[in-house]
Amino acid sequence: MKCRGLRNCNPLNIRRVAGTHWKGQILPLKGAGGSFCKFESMEWGIRAAFCLLRTYRNNYKLNCIRDIITRWAPPSENDTERYIKNVCLWTGFGGLQRLTEEDWPALVRAMARQECGVTLSEEIINRGYKLYKNTNI
């Protein structure tokens, strides 16, 4: 059976936050839902991940894998060190290397692999990135 992130078209397991609605997000029925967002397609879920990375960069000055993953998957809920190690291995980036927005597709692809255990195609990641670049929040 597919992991929750794939079933929800949310491969980075973005949590629902009251008052926040992403483009392409499917709102739960009243009283239903769960902790995680559900999207119309994988591309919309990936787009939301890019939007969150932008928020991390702009609001919290998080620009490297170590800082991003520590916030995304905190030690209170995850094996954060293993997550960082895997993402660095899969991207080829150093943990403290300053990432640019052009590095984010590789980062998101690696994070989705960590979250869901599958490697998403570059095509799907690139379509989500294109949605991110061409639509407002």
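The values are calculated or read from the model by the stated rules, or taken from the named source; none is laboratory data. Predicted model only: the values in this text are computed from it and were never measured. Don't worry about glycine lacking a Cβ; one is built from the backbone with ideal geometry, like all the others, and counts go over all protein chains shown.
Return a yes/no flag: does the range 5-15 have any residue that is among the basic types (Lys, Arg), under 11 Å from the mean Cα position of the chain (by Cα) and either farther than 17 Å from residue 117 by Cβ or in a loop (DSSP other than H, G, I, E, B) (or both). I'd like the intermediate steps shown before the answer.
Of the residues in the range 5-15, the ones among the basic types (Lys, Arg) are 7, 15.
Add one more test, that the residue is under 11 Å from the mean Cα position of the chain (by Cα), and what stays is 15.
Filter once more, keeping what is either farther than 17 Å from residue 117 by Cβ or in a loop (DSSP other than H, G, I, E, B) (or both): 15.
Yes.
Counting only residues that are more than 21 Å from residue 128 (Cα to Cα) and touching a Lys or Arg at 6+ places or on another chain (Cβ under 7 Å), which one in the range 32-59 is surrounded by the most Cβ atoms within 10 Å (Cβ to Cβ)? Reasoning before the result, please.
Step one: list which residues in the range 32-59 are more than 21 Å from residue 128 (Cα to Cα), which gives 32-35, 59.
Now drop any that are not touching a Lys or Arg at 6+ places or on another chain (Cβ under 7 Å), which leaves 33, 35.
Details: 33: 13, 35: 8.
If we take residues in the range 32-59 being more than 21 Å from residue 128 (Cα to Cα) and touching a Lys or Arg at 6+ places or on another chain (Cβ under 7 Å), then 33 is surrounded by the most Cβ atoms within 10 Å (Cβ to Cβ).
Could you count how many residues in the range 84-97 are of a type outside the set (S, T, N, Q), in a helix (DSSP H, G or I) and either surrounded by fewer than 18 Cβ atoms within 10 Å (Cβ to Cβ) or touching a Ser or Thr at 6+ places or on another chain (Cβ under 9 Å) (or both)?
Within the range 84-97, residues that are of a type outside the set (S, T, N, Q), in a helix (DSSP H, G or I) and either surrounded by fewer than 18 Cβ atoms within 10 Å (Cβ to Cβ) or touching a Ser or Thr at 6+ places or on another chain (Cβ under 9 Å) (or both) number 4.
Examine the range 17-31 for a residue that is without any contact (Cβ under 8 Å) to a residue 24 or more places away in the chain, aromatic (Phe, Trp, Tyr) and either assigned to a strand (DSSP E or B) or closer than 21 Å to residue 129 by Cα (or both), and state whether such a residue exists.
Step one: filter the range 17-31 for residues without any contact (Cβ under 8 Å) to a residue 24 or more places away in the chain, giving 17-21, 25-31.
From what is left, the residues that are aromatic (Phe, Trp, Tyr) are none.
Among the residues of the range 17-31, not one is without any contact (Cβ under 8 Å) to a residue 24 or more places away in the chain, aromatic (Phe, Trp, Tyr) and either assigned to a strand (DSSP E or B) or closer than 21 Å to residue 129 by Cα (or both), which makes the answer no.
Would you be able to say whether some residue in the range 63-82 is among the aliphatic types (A, V, I, L, M) and modelled with pLDDT under 95? So that I can check it myself, show each step before the final result.
If we filter the range 63-82 for residues that are among the aliphatic types (A, V, I, L, M), which is where we start, we get 65, 68-69, 73.
With modelled with pLDDT under 95 added as a condition, the list becomes none.
No, the range 63-82 has no match at all.
Pick out the one residue from 99, 131 that is touching an Asp or Glu at 6+ places or on another chain (Cβ under 7 Å) and modelled with pLDDT of 95 or more.
Details: 99 fails: touching an Asp or Glu at 6+ places or on another chain (Cβ under 7 Å).
Exactly one of 99, 131 is touching an Asp or Glu at 6+ places or on another chain (Cβ under 7 Å) and modelled with pLDDT of 95 or more, namely 131.
Which condition breaks for residue 84 when tested against (1) closer than 25 Å to residue 127 by Cβ; (2) without any contact (Cβ under 8 Å) to a residue 40 or more places away in the chain; (3) of a type in the set (A, V, I, L, M)?
Failing condition for residue 84: (1).
In the range 67-81, what residues are of a type outside the set (Ser, Thr, Tyr) and either surrounded by 17 or more Cβ atoms within 10 Å (Cβ to Cβ) or touching a residue at least 60 places away in the same chain (Cβ under 8 Å) (or both)? Lay out the reasoning, then the answer.
Start the filter on the range 67-81 by keeping residues that are of a type outside the set (Ser, Thr, Tyr), which leaves 67-69, 71-75, 77-79, 81.
The answer is 67, 68, 69, 72, 73.
Let's see how each residue does on (1) over 23 Å from residue 2 (Cα atoms); (2) under 13 Å from the mean Cα position of the chain (by Cα); (3) part of a loop (DSSP other than H, G, I, E, B); (4) among the hydroxyl-bearing types (Ser, Thr, Tyr):
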{"position": "44", "(1), (2), (3), (4)": "no, yes, no, no"}
{"position": "48", "(1), (2), (3), (4)": "no, yes, no, no"}
{"position": "59", "(1), (2), (3), (4)": "yes, no, no, no"}
{"position": "62", "(1), (2), (3), (4)": "yes, no, yes, no"}
{"position": "77", "(1), (2), (3), (4)": "no, no, yes, no"}
{"position": "99", "(1), (2), (3), (4)": "yes, no, yes, no"}
{"position": "120", "(1), (2), (3), (4)": "no, yes, yes, no"}
